[in-house]
Structure formats: C-alpha cells, structure tokens
Amino acid sequence: MQKLHFKIDINAPKEKVWHTMLDDKTYRIWTESFMPGSYYKGDWSKGSKMLFIGPGETGEMGMVSRIKENQKYKYISIEHFGMVKDGKEDTSSEEVKQWAGANENYTYNEKDGSTEVLVDMDIVEEYKEMFEGMWPKALQKLKELSEK
C-alpha cells in the first residue's frame, strides 16, 4: 500500500472543525465528494465499529471500519477492514484482504484560532488517482462549512 497526504488550513478553532468533520449533519455534506448520500453508522469512540456507507443500486455500499484511536480535538485514526456491498458486510474476501488494515488518520493542529487539518491514508494503487481527486474537494467543502 501507498500513503496519501492532504492538508488544509481552516480559519476556525479546532473544536469547530472537529465537530463539522464528524457530526452527522455536516459529515453528510462534506463527504458528498466521495459518494453522494454518504453517511456513517456507529460512533467515533475508540474501539467502535463504524460503517462508512452510501446508497448503491442494489443496497448500501462502503467500508467496514474501526476507530483505532480518538484523541478529542487532536487526532482520529480509522482502520478499514472490510467493505459493504449490496447491504452486506464482507471482511474476508480476497478483494478485501488486499487492503484490510488500511488506516485513515486525521490530525488537527490549532494555531492562533486557525486549524491545520492533516489527512494521511493508506491506499492501494488502483484507487490512488481517484482519492487524489476527491480529497481536495472534500477538504474545501469542510473548510467552507467550518468557516461559516
């Protein structure tokens, strides 16, 4: 797997950015860049199972994940270990085994009332270009929502 890194500076305190990024209502807005209708099921506490999903033609589709770490207003680490396809969880297929254990990390650094958001994620080659196109759009939307 490869690592992708993204960064954006947001003119808002880290607490506001954190809540804008993770609260259900605003999460659904900034993640539209990844999949229209995106949402999550679960909670952000350490050790919790999360489903990052959206509507598919034959049922929900997305990722099965676990919150690996949660340091409130500082850092979130998500470990992806499966996928949802047609509304069913898959954590053992050969397709999933290629990237199971991939991490997606968010770091929030505040200085003088502004917040730098760092995103680091593990990615397999076939999805690299797609995420390189989606993350900047998603982070720009997060910035717009957080600065309101």
task: Restricting things to alpha carbons, find the Rg to Rh ratio for the chain using the Kirkwood radius for Rh.
output: 0.95
Met35 accessible area, 1.4 Å probe, all protein chains in place, Å² to nearest 10: 50
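Probe of 1.4 angstrom, ligands and nucleic acids ignored: what's the accessible area per residue over the chain, in square angstrom? Numbers along the way, then the final one.
Details: 7990 Å² over 148 residues.
On a per-residue basis, 54 Å².
Ignoring ligands, DNA and RNA, what percent of the accessible area of the chain is carbon or sulfur (1.4 Å)? Kindly include the intermediate steps, with their values, before the conclusion.
Values: 3970 of 7990 Å².
So the carbon and sulfur contribution to the accessible surface is 50 percent.
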query: Can you give me the Cα centroid spacing of segment 76-148 and segment 1-45 in angstrom?
result: 9
field: Solvent-accessible surface ranking, highest first, for Glu104, Glu110, Glu116 at 1.4 angstrom
entry: Glu110, Glu116, Glu104
- request: Go through segment 4-16 residue by residue and turn each phi into a ³J(HN,Hα) via Karplus (6.51, -1.76, 1.60, θ = phi - 60°); whole Hz please, and just put x for glycine and proline.
  value: 10, 10, 9, 8, 8, 9, 10, 7, 7, x, 4, 5, 5
Karplus (6.51, -1.76, 1.60) ³J(HN,Hα), θ = phi - 60°, over segment 72-81, in Hz, Gly and Pro reported as x: 3, 6, 10, 7, 10, 10, 10, 10, 8, 9
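So for each of 91-101, 54-64 I average, over its residues, the number of other beta carbons within 10 Å; can you give me the resulting order with the highest mean first? Could the numbers behind the result be given before it?
Numbers: 91-101: 12.3, 54-64: 15.7.
Ranked by mean Cβ neighbours within 10 Å, highest first: 54-64, 91-101.
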Segment 96-148, relative contact order [Cα under 8 Å, separation at least 6], %: 27
query: Under 14 Å from the Cα of Lys25, which aspartates and glutamates turn up, not counting those fewer than eight places away in the same chain?
result: Asp43
task: Would you mind checking the tilt of helix 125-146 against the longest principal axis of the Cα atoms of the chain, expressed as 0 to 90 degrees and rounded to 10?
output: 40
statement: The ³J(HN,Hα) series, computed from each phi in segment 52-69 with the Karplus coefficients 6.51, -1.76 and 1.60 at θ = phi - 60°, rounded to the nearest Hz and given as x for glycine or proline, is 9, 9, x, x, x, 5, 10, x, 4, 9, x, 10, 9, 9, 9, 7, 7, 8
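The values are calculated or read from the model by the stated rules, or taken from the named source; none is laboratory data. All figures in this text were calculated on a predicted structure; none of them were measured in a lab. For neighbour counting, all protein chains shown are included, and Cβ atoms are generated from backbone atoms with ideal geometry for every residue, glycine included. With ligands, DNA and RNA removed, areas are computed over all heavy atoms of the protein, side chains included. Shrake-Rupley method; radii C 1.70, N 1.55, O 1.52, S 1.80 Å.
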